[in-house]
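The next block holds one structure in the form of structure tokens; read it before the comments.
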Amino acid sequence: MIDVGRLRVRLGLDSRELQSGLAKARLDIGKFAGRIAAAAAPAAVGAAVAAAARSSFQVVDAQSKLAQSLDTTTRSVQVLTRAGDLAGVSMSGIEQATKDMTRRLSQAAAGGGPAADALTRLRLTAGDLLKLPLDERIARVNQAMQDFVPEAERAAVAGQIFGEEGSIAMSRIDPKTIRQAARDVDEFKVALSEVQADNIEAANDAMSTLGVVMRGVGNQVAAGMAPAITSLVTGFTDLLRAGTPLRGLLDGLGTGMQAAFQAVSASIGRALSYAGTFATFLAGRFVSGMAMAAASVV
């Protein structure tokens, strides 16, 4: 009879008890693994949610600030971010092009700037475009580009609206892509109201302020400890200078260890010398014996 935990069998020709014991052991192992997975799952989910929240604080804060600088909504910036993902255009490229567009539309609204002639060809007005959220503004311009400008001339007109650097990238964000991006943002609850975006921005700013406070506390603690650390290091250095008792003790210890190592080395050298001499002696005796044996054979 063998009894190991729940695995209890009687060895013999009949293996039914062995198989039953193995089955019970596998069941216990499965239950144990299930309990471990059940305990670890909430922690893993909580860590994932916390990481997503931290990322959202930073991303939404940046989007909200960009929306304010471009006089648009946070949702509009989120739609353009998704549209850039779909079209393969980086957010930095979209940001630069939309800033140029906003500036040129403002100039056109005042009666000048490089975008005035382009808007005439597109049959649009700067005042009407500036009233639209940014994503709709870009969709309206690109749709008019397809409707009223020959394909060979679209790059030049886009350059007048978006700037030379951003015109090619923004032409890839066509109205169809923007509509798909808007559906994704709304369907997956990415879009936030301005109140929600302002709350996240305020919370992120508060956490940033907390970071500054903690950095200040750390600086004050470091400043308070600095003189004591300097005195400690200086005192220890002075103890080890030449002529001090501690330095003499260490030097004496080093000299003694050096002499000991030299004595050991010399002993090893003598031992090797003796071994070589003895080996030479044995070799000579061996050669002499072989010579006498050869002579006797002859």
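The values are calculated or read from the model by the stated rules, or taken from the named source; none is laboratory data. The structure displayed is predicted, hence computed values, not measured ones. Cβ placement follows ideal geometry from the backbone for every residue including glycine, while neighbour counts extend to all protein chains displayed. Areas reflect the complete protein model, heavy atoms only, side chains present, ligands, DNA and RNA absent. Shrake-Rupley method; radii C 1.70, N 1.55, O 1.52, S 1.80 Å.
Couple of notes before you dig in:
- Residues (more than 15 Å from Thr72 (Cα to Cα), without any contact (Cβ under 8 Å) to a residue 12 or more places away in the chain, open to solvent by 70 Å² or more (accessible area, probe 1.4 Å) and among the hydrophobic types (A, V, I, L, M, F, W, C)) located in the stretch 184-209: Phe188
- Test result for Thr230, of a type in the set (Ser, Thr, Tyr), part of a helix (DSSP H, G or I), at pLDDT 75 or above and open to solvent by 80 Å² or more (accessible area, probe 1.4 Å): yes
- Residues that are among the acidic types (Asp, Glu) and under 25 Å from Arg140 (Cα atoms), drawn from the stretch 172-221: Asp174, Asp184, Asp186, Glu187, Glu194
- Meets criteria (buried (at least 20 other Cβ atoms within 10 Å of the Cβ) and either modelled with pLDDT under 90 or farther than 30 Å from Glu136 by Cβ (or both)) for Gln63: yes
- Some residue of the stretch 166-180 being over 30 Å from Gln107 (Cβ atoms), at pLDDT 85 or above and part of a helix (DSSP H, G or I): yes
- Test: residue in the stretch 275-298 that is at pLDDT below 65 and not in a helix (DSSP H, G or I): yes
- Search result, residues across the stretch 73-128 that are open to solvent by 10 Å² or more (accessible area, probe 1.4 Å) and in contact with a Pro (Cβ under 9 Å, 6 or more places away or on another chain): Thr73, Arg75, Arg104, Gln107, Ala108
- When residues of the stretch 210-219 are limited to those that are hydrophobic (A, V, I, L, M, F, W, C) and open to solvent by 90 Å² or more (accessible area, probe 1.4 Å), the one farthest from Ser56 (Cα to Cα): Met214
- Subset of the stretch 160-171 [touching a residue at least 40 places away in the same chain (Cβ under 8 Å) and either over 18 Å from Val77 (Cβ atoms) or over 30 Å from the mean Cα position of the chain (by Cα) (or both)]: Gln160, Ile161, Phe162, Gly163, Glu165, Ser167
- Counting only residues that are over 21 Å from Glu95 (Cβ atoms) and open to solvent by 70 Å² or more (accessible area, probe 1.4 Å), the stretch 157-178 holds 1 of them.
- Criterion violated by Thr125 - all others in (1) more than 34 Å from the chain's Cα centre (by Cα); (2) of a type in the set (S, T, N, Q); (3) under 17 Å from Lys176 (Cα atoms) satisfied: (3)
- Test: residue in the stretch 139-147 that is modelled with pLDDT under 90 and surrounded by 18 or more Cβ atoms within 10 Å (Cβ to Cβ): no
- Sole exception among (1) part of a loop (DSSP other than H, G, I, E, B); (2) modelled with pLDDT of 90 or more for Val190, by number: (2)
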